[in-house]
Amino acid sequence: VQTLDIDIWDRPDLLEALQNAFELTDSARMAVITVDMSERHARRGLPPGKLETLLSDTSSFLDFARKSGIPVIHVISALRPIEAGYMKRWASEERTGQSPSPYGGPSSEVSGPEGAFEPDILPGIFEDGDYIIKTKKTFSAFHGTDLSHLLLSLKRDVTVFCGMDTNGSIQGTVFDANNLGYGTVAIADCCASTYGDDLHELALEQLRRCLAWTFTIDEFQTKLAVKV
Amino acid sequence: MATTVPLIDRAEFLDTLKGDLEIDPKKTACIQIDIHRRQIDPRFSPFPVDYAQRVIAASAEMMRMCRAAGIPVIHVMVYKREIETSISPRLGVFRRIDVNRSPYGPDLAYDPGQPEGYFTWDVMPELGPVEGDYIINNKKTLSAFHHTDLEILLKSLGTETILLTGINTNTCLQCATFDAANRGYTPVFIEEAIGSGYGEDLHHFALQNVARTTGWVLTLAELAERLGTPVGAKPE
């Protein structure tokens, strides 16, 4: 595995063509999905100052979404103790005492008590009227959760993503969203990674070139068909 | 303007996790994804010829080692009905824009041409399939698992660890590591046997991301050492 710097290939024509081809501008088709915006997850660590800007930007964006009539769904991880070894990679990290975060925080998402786990969504992110899914077990907000069922019930087929980690569960969920036929959008200012800012930056490049329309908050607001 | 992303040095972390990885050939499968004519043959794909030859040669080497160790080989390849080509809005957009998805050039049309229900495979001949290999020829998306029978086959084989080869590193191969991890498998990239037509930056991103996030990355030499199976050895 390469250990040197990675030079991003310059593909302005492709990126411009993709951004211009964005046609999913109907807010009535959209749902905003935040991933792992929880106290437990944030304890793994982010680059200095990143959590504060992530919370501020995401809070602002979610306010805009709610005012635009876009439902907000928060998906957070919670593992039963018996499920801690299910993901082989996470089990290996636990067994060897290694944290996937270069910022040094603990990696466990084990939570309880059974059936009564209280969501620990980060401050300024949740508001009454939002939806909460607290059964995420893997890198995907879809796999083994009721997210697809909720989106179907809400009649929403364009998924707009915020949260952590850009290279992990955001990317993993965007893969699933594509494979399930949803439209995919990522809000760059509202994503971060506890795995390292390098993987965050590279994952944004991967998303915008291959997997999702990736906008800043300002860019997304100008794209919406119906203005607030 | 192009930018450079300095990688965080996580060598100790990666070495520790690599040391914790165990591969039991009896509970392992080799999955080859999308090394077929439509995706990599220079007559139909912009994938650079030299690069393709290196990936195919390494993949063939990996498969020989796996077969010699008694590890089943599964070839997974895309086959879509015309009506299925744009189900994902994001993937469908590449058919509408006038810019190449690959920095290496345009995709060239190639339709395997069989009538409904009769497509078999168009695996690059260097890889087989040989007798005993398995074929999954209805991959529709970036995922080898979604809408295919791959998981049923893996469970039937008693698989726990998945050795991955194929293209493209950052899309279908990386997606396979997410899918496999989410389903409780141990995904392992074999580094030389994987390549990307999306650019070396995204290829190296995906290698780095799998090693640090979703699975493991081994070289061919490391795989040979773990299997204890010299190239060309016969299965017991």
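The values are calculated or read from the model by the stated rules, or taken from the named source; none is laboratory data. Since we're looking at a predicted model, the values are computed, not measured. Heads up, the Cβs are rebuilt from the backbone with ideal geometry, glycines too, and the neighbour counts pull from every protein chain shown. Note: accessible area is taken over every heavy atom of the protein model, side chains too, but ligands, DNA and RNA are not part of it. Shrake-Rupley method; radii C 1.70, N 1.55, O 1.52, S 1.80 Å.
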Other-chain or far-sequence residues with amide H under 5 Å of B:ILE194's (modelled H):
B:GLY166
Along Cα→Cβ, 7 Å out, is where each label goes; now give me the distance between the ones at B:VAL130 and B:SER86 in nm to one decimal.
4.4 nm
With labels modelled as points extended 7 Å from the Cα through the Cβ direction, what inter-label distance (nm, one decimal) is found for A:LYS67 paired with B:THR120?
6.3 nm
Once accessible area is computed for A alone, B alone and the pair with a 1.4 Å probe, the total buried surface, to the nearest 100 Å², works out to 5600 Å²
Please work out the Cα center distance from the range B:10-40 to the range B:44-60, rounded to the nearest Å.
19 Å
What fraction of the DSSP beta bridges in the protein assembly as shown is antiparallel, stated in percent and rounded to the nearest 5?
10 percent
222 nm mean residue ellipticity, helices alone, for chain A (DSSP H n ≥ 4; -39,500 (n - 2.57); rounded to 500):
-9500 deg cm²/dmol
Mean separation of Cα contacts under 8 Å (6+ apart) over length of the range A:80-122, as relative contact order %:
36 percent
Calculate, in nm to one decimal, what A:SER148 and A:ALA116 gain on full extension: separation in residues at 0.36 nm each, minus their alpha carbon distance.
9.3 nm
Which links in A:LYS134/B:LYS80; A:LYS88/A:LYS136; B:LYS27/B:LYS140 stretch past 24 Å when you go from one Cα to the other?
A:LYS134/B:LYS80; B:LYS27/B:LYS140
A correct Karplus calculation of ³J(HN,Hα) over the range A:66-80, with 6.51 cos²θ - 1.76 cosθ + 1.60, θ = phi - 60°, whole Hz and x for Gly and Pro, returns 4, 5, 8, x, 8, x, 10, 10, 9, 10, 10, 7, 7, 10, 5
Are there any helices in chain B, counted as whole DSSP H runs, that stretch 20 Å or more along their axis by Cα and score at least 0.0 on average by Kyte-Doolittle, and if so which?
B:49-68
As straight-line cross-link partners of A:LYS223, the qualifying aspartates and glutamates (C-alpha separation under 13 Å, not fewer than 8 residues apart within one chain) are A:GLU23, A:ASP26
Sticking with the crude label model, points 7 Å out along Cα→Cβ, report the distance from B:LYS27 to A:LEU4 in nm, one decimal please.
3.9 nm
Residue with peak Gaussian network fluctuation, chain B [Cα springs, cutoff 10 Å], from B:ASN182, B:ASN170, B:ASN138
B:ASN182
Residues meeting the amide H criterion for A:HIS74 (H placed from the backbone, H to H distance under 5 Å, 5 or more places apart or on another chain) are A:THR34, A:TYR131, A:ILE132, A:ILE133
Using a ≥ b ≥ c from the Cα gyration tensor of the range A:122-228 (square roots of the eigenvalues), is it rounded, prolate or oblate, where a/c under 1.5 gives rounded and otherwise the larger of a/b and b/c decides, a/b for prolate?
rounded
Lone cysteines in chain A, going by a 4.7 Å Cβ-Cβ cut-off?
A:CYS191, A:CYS210
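Scan the range B:50-150 for trypsin sites (Lys or Arg not before Pro) in coil per DSSP, keeping those whose Cβ has at most 11 other Cβ atoms within 10 Å, and list them by number.
Sites meeting the loop and neighbour criteria: B:ARG81, B:ARG96.
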If the cut-off is 15 Å between C-alpha atoms, which aspartates and glutamates fall inside it for B:LYS26, apart from same-chain ones fewer than 8 positions away?
B:GLU160, B:GLU236
Can you list the residues, at least 5 places off or on another chain, whose amide H is less than 5 Å from the amide H of B:ILE74, using H built in the peptide plane?
B:CYS30, B:ILE31, B:GLN32, B:TYR134
Antiparallel bridge percentage (DSSP; both residues within chain B; nearest 5)
10 percent
Using a Gaussian network for chain B with springs between C-alpha atoms less than 10 Å apart, which of these wobbles most: B:PHE94, B:PHE205, B:PHE189?
B:PHE94
State the cysteines of chain B left without a partner when partners are defined as other cysteines whose beta carbon lies under 4.7 Å away.
B:CYS172, B:CYS175
